[in-house]
Structure formats: C-alpha cells, structure tokens
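Read through the structure below, which is laid out as structure tokens, and then see the notes.
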Amino acid sequence: MAALFRGSRNLLLRWNKHVDFAFASTRSMASKTPVGFIGLGNMGTPMAKNLLRNGYPVIATDVFPESCKELQDTGAQVVDSPAEVAEKADRIITMLPSSPNVIEVYTGPNGILKKVKKGTLLIDSSTIDPAVSREMAVAAEKMGAVFMDAPVSGGVGAASMAKLTFMVGGVEEEYNAAQELLTCMGANVVYCGQVGTGQAAKICNNMLLAIGMIGTAETMNLGIRLGLDPKLLAKILNMSSGRCWSSDTYNPVPGVMEGVPSANNYQGGFGTTLMAKDLGLAQNTATNTKTPIPLGSLAHQIYRVMCSRGYANKDFSSVFQFLREEEGQ
C-alpha cells in the first residue's frame, strides 16, 4: 500500500511539474507577441536588435528602406509604413529624430493612428518637445491606445550593449507593460510621472551633457597648450574634482581613449545636429517657463555654429576639434 501511495505521489508530482512547465511556457509565449519598431537609425537599429535577441518578433519600418536591411537580415519582418506596423502589432516603439517626424509617424496619412488597435501600447523613445508628447498622448487616447514617452540616454554604444537609461512618462498603470520591453534594451528604466516628464528629464540631461562636453574640451585644450600630455591630464582630471562623464567615459581628445568617436575622426555616436536640436528644445522650454539658462543658451549657440562650419554630421564631442580650429582665426 505504501509503495502504491509513493507511486501515485510521484506520478502526481511529475504531472504537476508538467502542468507548471506548460503554464510557464504559455506565459512566456504570451509575452513574446510581436513588437513594432519604427525608426531604424543609429539608435533604433541596435535597440530593435536587442528585442530580437530577447525573443520578441519585430515588425519594423523606416522612411529610408535601405535602413531596414540590417534588421531584416537579423530576422525582423519589414513593412512599408507605420500604419502597417500598427495593423500587425499592439506594442509599438518609435525612435525618431525630431518632433515633426514624430507627428508625421503618428498622425500622418500613413501614420500609426490610422490603423492602431484599441489597447495598443505606444512607446516613443525620440527626444522631442514635451508638448508634442502630450499632444500625441491625447490623439492616441481618442483612438483607444496608450502613449508613453520614454527617451533614452547612453548613446550608440549603450544601445548596442542594452545599457541605455530610459526616462518614462505616462499613465503609471501602464508602466509595468512598458518596462517589460524597455528592460530588454536598457539597464535603467525610471518612471518620471505623467506624459512629457520623460522628455523633460532627457532635455535637462542633454543640456548638462553639452555644457560638460564643452567644458571638458576647453579644459583639455588649455592643458595641451600649457604643455601637458593629454592622457596625463585626463588621468588627473578623472581622479580629481573635475571628473565627469565627458572626461572619463567619452573623452573628446583623439588618442586619449579607445572605442569613442574621438578615436574614429568623430564618426558615429551622437551627432552635433541632434545635440543642437536638443539644446533648442531646452531653450524653448526655458523661455516658456521663464527659466534662466545662460550656459545652456551659450552651448546651444556653439553647437549651432558648429553645424554651419562642417561639423553637423560629426559626433558632438568634435567641439574639441572646433575649438582647436578656432585658435587659428
């Protein structure tokens, strides 16, 4: 009798394990429903690749068809328009250059909101005007969808290694659903508040980044002119009170660090045009809120001048090269 009981018990345990495994598999498969991704530039492509690596089928599109090939070769399904993405996925991430691009992709003739399904979660990781994020949220709500802003910090390197920081604004009840996807692409996901607060945090961060990069470039240039070896100066700065991200992680002086744009003729990374755009957003919001940003305003002007002097497509750390060239004028 005891042997019969043990046999029944073992059979029951095996059956329970099988059921638990089946339920776990069902949950796992349910979470891996297709994700739409729109905007396959320097940041969007590695972000979408990380979704694929985590087992999510990706349905993607970009205004430039040639930008889709790399992701398609990795296993993504490529379609012709944002509207077609919305037909096939009820979770969509957008990564676009500017506010007008976001407006077009969401509300244009072939935009997401033309075909969006009720209950769709829309996550915009572009860096845009917070007011535009709020407008998109209202437009999405009218169609029964949920819009959240989730701009990123970290650059192309962090995007490739899934180490981005996401700053999320939107309905708090939807945060967990967004977090599930964002943690596949980033190391930090921070809820900031209502729609637009993610953009506010990103704009503030990039203003400080621009100011810090200009300060690092000026400091390094002065030290070099005073006869200091740039690697030695960087080492001293990075063990002293002047240490910052621009000095210890993204140094703007060629030859000081490997694996950064300054080591590759300022190619890749975060373009000067985009930094000028983000500083323009900071300037607009500062004007609207009557907030003094003297250093932010000066940084904006410096990056705008750089754009007109041939630096538009170079990484924003090329401000060091810009300053060196200014010496001769």
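The values are calculated or read from the model by the stated rules, or taken from the named source; none is laboratory data. As the structure is a computational prediction, the values presented were derived from the model and not from experiment. Here Cβ is always computed from backbone atoms with ideal geometry, including for glycine, and neighbour counts include all displayed protein chains. Calculation scope for accessible area: heavy atoms of the full protein, side chains included, ligands and nucleic acids excluded. Shrake-Rupley method; radii C 1.70, N 1.55, O 1.52, S 1.80 Å.
Annotation: of all residues in the range 248-306 being of a type in the set (D, E) and within 18 Å of A217 (Cβ to Cβ), the one that is surrounded by the most Cβ atoms within 10 Å (Cβ to Cβ) is D278.
Of all residues in the range 73-85, which are touching a residue at least 12 places away in the same chain (Cβ under 8 Å) and not small (G, A, S)? Correct list: T74, Q77, V78, V79, D80, P82, E84, V85.
Total residues in the range 212-232 satisfying the condition of being open to solvent by 50 Å² or more (accessible area, probe 1.4 Å) and part of a helix (DSSP H, G or I): the figure is 6. The helices (runs of 4 or more DSSP H) found entirely in the range 233-329 that carry 2 or more residues being farther than 13 Å from M213 by Cα and among the charged types (D, E, K, R) are 272-288, 319-326.
Considering only the range 307-320, state which residues are touching a residue at least 24 places away in the same chain (Cβ under 8 Å) and either open to solvent by 60 Å² or more (accessible area, probe 1.4 Å) or not assigned by the TED database to the domain that holds G212 (or both).
Start the filter on the range 307-320 by keeping residues that are touching a residue at least 24 places away in the same chain (Cβ under 8 Å), which leaves 307, 311-320.
N313, the sole residue that qualifies.
In the set (1) surrounded by 17 or more Cβ atoms within 10 Å (Cβ to Cβ); (2) of a type in the set (V, I, T); (3) under 13 Å from the mean Cα position of the chain (by Cα), V195 fails one condition alone, (3).
Would a scan of the range 55-64 turn up a residue that is among the aromatic types (F, W, Y), closer than 20 Å to V152 by Cβ and in the same structural domain as M136 (by the TED database)?
Yes; the residues of the range 55-64 include at least one that is among the aromatic types (F, W, Y), closer than 20 Å to V152 by Cβ and in the same structural domain as M136 (by the TED database).
Looking across the range 162-173, the residues that are open to solvent by 60 Å² or more (accessible area, probe 1.4 Å) and either assigned to a loop (DSSP other than H, G, I, E, B) or in contact (Cβ under 8 Å) with a residue 40 or more places away in the chain (or both) come down to K163, V171.
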